[in-house]
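Worksheet: one structure, shown below.
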Amino acid sequence: MKYKIVFCFLLLSGYSCDTKVTSKEWVVENSVLLEGVHPIGIALRSGEIWLSDGDRNRLVQIDENGELLQTIDSLDRPMHIATDGTSLFVPQYGKDTIAIINGGGMTVLSVPDSLDAPAGIGVFKKEKAVADFYNNRILYFNGSKWINFGKEGKSDGEFYYPTDVEITENNIWVADAYNNRVQVFDKDGTFVKKFGGDQKINAATGIYLSETEVFLTDFENNRVLVFDHEGKLKQTLTEGIEKPTDMLIKDGKLLIINYASGKLTTYHYSDLQSQP
């Protein structure tokens with residue numbers, strides 16, 4: 001009688017010995033050579049893929065096959081770029097400025113203090129955040145005023161050369177490059193959390209956020225780490241990756257740029273099924 005009861009419960013609960021457990025995982029699709037480009041940053045402006053080519057002091061627009069479509073020259077070591085959909089925001093590491101490029105030409109973002117080798121910028125609506133590399137701090141504009149936070153160090157809220165930054169609805173996310181971690185802050189600059197420090201990262205140089213995941217480049221270890229928003233590691237991507245610097249998602253595909261190989265590597269999200 002006991003076994004019949006158990007069997008009935010399993011049927012009611014929808015269980016089957018043949019049921020497959022489905023999960024999703026990023027799977028490599030291809031890599032294409034970016035002829036003559038060693039990319040550092042990537043941004044998506046109205047469907048256009050733009051890369052910063054720091055070695056050649058320029059921005060380039062490419063298609064998904066890596067073909068060069070147009071070039072913007074006369075920059076000074078452009079780094080991790082961003083866009084508001086209309087303008088491109090370009091940290092110039094060699095000139096200590098943030099260039100703003102749109103159809104009207106090039107202007108310079110006004111900041112309240114001197115930058116020292118800006119390495120990355122994040123843009124969210126009217127908000128902007130700058131990773132000020134040698135000053136070991138973040139400058140953040142909330143739409144009406146600027147604040148700055150951070151100093152050199154290894155404690156919570158301190159940086160050892162921040163390289164990239166992203167803004168979401170409630171938080172500011174920083175690739176704290178040589179502390180080998182991600183740090184998260186609220187929009188008053190108050191430390192919220194950190195993660196990645198237990199993954200033996202060697203230079204956390206680029207960060208990108210989707211609605212559910214955080215992507216972090218582990219430059220010297222030739223990999224991209226995928227976390228959930230709480231900082232739990234979900235996946236490690238290594239195939240087709242060599243000195244990765246940045247990434248983004250376009251049309252459901254993850255595009256990763258590789259500085260050393262000069263390649264664009266594409267991953268897609270795949271359902272993986274396994275027996276329970």
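The values are calculated or read from the model by the stated rules, or taken from the named source; none is laboratory data. What you see is a predicted model; the values in this text were computed from it and never measured. Ideal geometry is used to build each Cβ from the backbone, glycine not excepted, and the neighbour counts take in all protein chains shown. Please note that ligands, DNA and RNA were not included when accessible areas were found on the heavy atoms of the full protein model with its side chains. Shrake-Rupley method; radii C 1.70, N 1.55, O 1.52, S 1.80 Å.
What residue among ASP76, ASP188, ASP164 shows peak mean-square fluctuation when the chain is described by a Gaussian network model with Cα springs under 10 Å?
ASP188
Taking a probe of 1.4 Å, how large is the accessible area per residue of the stretch 137-276, in Å²?
With the other protein chains kept in place, the stretch 137-276 gives 43 Å² per residue.
Does anyone have the angle between helix 2-12 and the longest principal axis of the chain? Alpha-carbon axes, 0 to 90°, nearest 10?
The angle comes out at about 40 degrees.
From the phi of every residue in the stretch 250-256, what ³J(HN,Hα) in whole Hz does the Karplus formula 6.51 cos²θ - 1.76 cosθ + 1.60 yield, where θ is phi - 60° and glycine or proline is x?
Per-residue couplings from phi come out as 10, 6, x, 10, 8, 9, 10 Hz.
For the stretch 91-167, which trypsin sites (Lys or Arg not before Pro) are both in a DSSP coil and crowded by at most 14 other Cβ atoms within 10 Å?
Sparse-neighbourhood loop trypsin sites (Lys or Arg not before Pro): LYS125, LYS126, LYS145, LYS151, LYS154.
Choose one answer from SER144, SER46, SER261: the residue with the largest mean-square fluctuation in a GNM of the chain with alpha-carbon springs under 10 Å.
Most flexible of the set in this elastic network: SER144.
What's the long-distance tail for the chain, i.e. % of Cα pairs beyond 28 Å?
Numbers: 13861 of 37950 pairs.
It works out to 37 percent of all Cα pairs.
Please turn the phi angles of the stretch 236-244 into ³J(HN,Hα) values with the Karplus equation 6.51 cos²θ - 1.76 cosθ + 1.60 (θ = phi - 60°), one per residue in order, whole Hz, x for glycine and proline.
Going residue by residue, I get 10, 9, 10, 5, x, 10, 9, 6, x Hz, with x marking Gly and Pro.
Tell me the trypsin sites (Lys or Arg not before Pro) within the stretch 168-219 that lie in a loop according to DSSP and have at most 14 other beta-carbon atoms within 10 Å. Write out the running numbers ahead of the final one.
Numbers: sites: ARG181, LYS187, LYS193, LYS194, LYS200; in loops: LYS187, LYS200.
Within the stretch 168-219, the qualifying trypsin sites (Lys or Arg not before Pro) (loop, at most 14 other Cβ atoms within 10 Å) are LYS200.
Given the protein chains as shown and a 1.4 Å probe, how many square angstrom of LEU115 are accessible, to the nearest 10?
20 Å²
Determine the share of the chain's accessible area contributed by carbon and sulfur atoms, expressed in whole percent, with a 1.4 angstrom probe.
Of all accessible area on the chain, carbon and sulfur atoms account for 48 percent.
Taking θ = phi - 60°, what integer Hz values does the Karplus form 6.51 cos²θ - 1.76 cosθ + 1.60 yield along the stretch 109-118, in sequence order, with x for Gly and Pro?
Going residue by residue, I get 5, 7, 10, x, 8, 6, 8, 10, 6, x Hz, with x marking Gly and Pro.
Using the Cα centre of the chain as origin and beta-carbon charges of +1 (Lys, Arg) and -1 (Asp, Glu), tell me which of GLY94, THR217, GLY105 is placed farthest towards the positive end of the dipole.
Selected residue: THR217.
Taking the Cα centre of each part, how many Å lie between the stretch 230-253 and the stretch 97-151?
Computed from Cα coordinates, the inter-centre distance equals 25 Å.
How would VAL192, VAL226, VAL111 rank on accessible area, largest to smallest, probe 1.4 Å?
VAL192, VAL111, VAL226
Pick from ILE172, ILE81, ILE100: which is most flexible by mean-square fluctuation in a GNM of the chain where alpha carbon atoms under 10 Å apart are linked?
Largest GNM mean-square fluctuation: ILE100.
Sorting GLU230, GLU127, GLU239, GLU29 by accessible area (1.4 Å probe), largest first, what list results?
Correct descending sequence by accessible area is GLU230, GLU239, GLU29, GLU127.
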